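Below is one structure, written out as structure tokens; comments come after it.
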Amino acid sequence: MYRKVILCVIALIVGFHTSKAQKSIVILYENDVHCGIDGYAKMAGLRDAINNADTAYAAVVSVGDFLQGNTTGAISKGQYIVDIMRDLY
């Protein structure tokens, strides 16, 4: 799992390094949310604010452990969470 995160970060750095404008790269991540859906809207807002400020690039990464532990995940067998994450990332 961590290998994928590291590869994504490297790909972002290499991809953004080739652009002419010098901007910072901000990595937003979540971990151990256990079907807690409240933070995803905040994460999307933060990502959009950073990207719209035109001073940095923002990327969102999930470190894992997001499907079990709440009624939201149990009712849909995790599909609600996956759909929310797909819209965010």
Could you check region 35-62 and list, in sequence order, the residues that are exposed (fewer than 14 other Cβ atoms within 10 Å of the Cβ) and under 10 Å from the mean Cα position of the chain (by Cα)? none
Is it the case that Val9 is part of a helix (DSSP H, G or I), at pLDDT 75 or above and of a type in the set (Val, Ile, Thr)? no
Tell me, yes or no, whether region 65-79 has at least one residue that is under 23 Å from Ile10 (Cα atoms) and in a helix (DSSP H, G or I). no
Between residues in region 45-56 that are more than 11 Å from Ile27 (Cα to Cα) and residues that are exposed (fewer than 12 other Cβ atoms within 10 Å of the Cβ), which pairs lie under 7 Å by C-beta distance while being six or more apart or on different chains? Thr55/Ser24
Does Lys42 meet the test of being at pLDDT 75 or above and closer than 30 Å to Lys77 by Cβ? yes
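The values are calculated or read from the model by the stated rules, or taken from the named source; none is laboratory data. These numbers were taken from a predicted model, which means no experiment stands behind them. Counting neighbours? That spans all protein chains shown, and the Cβs are built from the backbone with ideal geometry, glycine included.
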